[in-house]
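Enquirer: The structure is given below, and queries will be raised subsequently.
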């Protein structure tokens, strides 16, 4: 999130964090309402814990953000270090609506050769699956292609996180690429709208899996409806997802899908086209309900990798990395 750091370390952050400290040494301490971000060191050694305790917080209202203070072990001093992180604030950022091109409209235009689709994902991902006839190039290269100034084109990614593409679209339009757009909902929306995709059909299931760092950015937009199917208490879920609505946990897929559909309908304003994020405890229930959930809901549906526990761990690991980065490694003693 740009308010904290230029960009999150990405979906592979877990592997990086383990360089500094194992996950078992980290503990969630508490969450509080918005306050000035701060970090501090305590001289006492942390007590070993087997799991993170429940988060205590008063759910935040619209347009607000909550902060979580996380405790981690400083690998240099072996002391407990607390670090406060600001969670996403729904509604704090606005979509570049003028740049967004609905998937159904894009499918029609592309079918008539009236639209060029520019896939900005890494080449390796593009080769796995892609829209037939789309052009692949890094996002930073688009502005170096003069021929794009003379034709309509849409920037394409997976569709889970479009903030970067929206910003790029606005910049491109300012530079003379007047017909630049962003495929709203990306490949996920294209696939849902029955647009043809080439490549590995099994790999395409990854399109609906939201990574932690992606939602840490996307969670600042108000067009997300977060629905918890976790068995964790609602207050613990709302500590990490202030706008989340919880539905009763059940192993009966039909009842669960119906409850989620009802919850989304209650949270959707008339005429709005929200995106839905489903979260469970640990990411193990999605495969059993994804097909039914996708068929029942009119909106684009995504599922958070690792669920509530994985998202909590993501923030703990971020705090650990920041705490370690704030203090350079000590030089080894002579002869060491």
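Enquirer: Rank-order 229-235, 134-140 by packing density, defined as the average count of other C-beta atoms within 10 Å over each peptide's residues, highest first. Working shown, then result.
Expert: On the way: 229-235: 17.6, 134-140: 15.1.
Descending packing order for the listed peptides: 229-235, 134-140.
Enquirer: How do 112, 313 rank when sorted from fewest to most other Cβ atoms within 10 Å of their own Cβ? Write out the running numbers ahead of the final one.
Expert: On the way: 112 7, 313 19.
Lowest count first: 112, 313.
Enquirer: Turning to a different aspect of this structure: With a 10 Å Cβ neighbour count serving as the proxy for reagent exposure, in which order, fewest first, do 190, 224 appear?
Expert: Lowest to highest Cβ neighbour count: 224, 190.
Enquirer: State the extension gain, in nm to one decimal, for the chain segment bounded by residue 147 and residue 205, taking 0.36 nm per residue of separation less the distance between their alpha-carbons. Show your work: numbers first, answer last.
Expert: Working: separation 58, 0.36 × 58 = 20.88 nm, distance 3.37 nm.
Fully extending the segment from residue 147 to residue 205 adds 17.5 nm.
Enquirer: Would segment 97-205 count as rounded, prolate or oblate if I go by the C-alpha gyration tensor, calling it rounded below 1.5 in a/c and otherwise prolate when a/b exceeds b/c, oblate otherwise? Intermediate values should be presented prior to the final figure.
Expert: Working: a/c = 1.61, a/b = 1.44, b/c = 1.12.
The shape class here is prolate.
Enquirer: Give the relative contact order (percent, whole number) for segment 227-303; include only Cα pairs under 8 Å separated by 6+ residues. Each step should come with its number before you reach the end.
Expert: On the way: 87 pairs, mean separation 26.6, N = 77.
After rounding, I find 35 percent.
Enquirer: Further, regarding this structure: In segment 97-205, what percentage of the DSSP-assigned beta bridges are antiparallel, given to the nearest 5?
Expert: Numbers: 3 of 14 bridges.
If I count the DSSP bridges inside segment 97-205, around 20 percent turn out antiparallel.
Enquirer: Just need the relative contact order of segment 198-265 here, percent rounded to a whole number, with Cα pairs under 8 Å and 6+ apart. Each step should come with its number before you reach the end.
Expert: Details: 41 pairs, mean separation 17.3, N = 68.
Contact order relative to length: 26 percent.
Enquirer: How would you rank 246-255, 118-127, highest first, on the average number of other Cβ atoms within 10 Å across their residues?
Expert: Numbers: 246-255: 13.3, 118-127: 16.0.
Ranking the peptides 246-255, 118-127 by packing returns 118-127, 246-255.
Enquirer: Let me ask you something else. Using per-residue counts of other Cβ atoms within 10 Å, averaged over each peptide, order 289-296, 100-107, 144-151, 315-322 from highest down. Mind showing how you got there, number by number?
Expert: Numbers: 289-296: 15.6, 100-107: 18.9, 144-151: 11.9, 315-322: 22.8.
Going from most to least packed, we get 315-322, 100-107, 289-296, 144-151.
Enquirer: In whole percent, what relative contact order does segment 97-205 give with Cα contacts below 8 Å and a gap of six or more residues?
Expert: Working: 170 pairs, mean separation 40.0, N = 109.
Relative contact order of segment 97-205: 37 percent.
Laboratory data are not the source of any read-out in this text; all were calculated from the coordinates shown. In this text the structure is predicted, and so the values were computed from the model without any measurement. Counting neighbours? That spans all protein chains shown, and the Cβs are built from the backbone with ideal geometry, glycine included.
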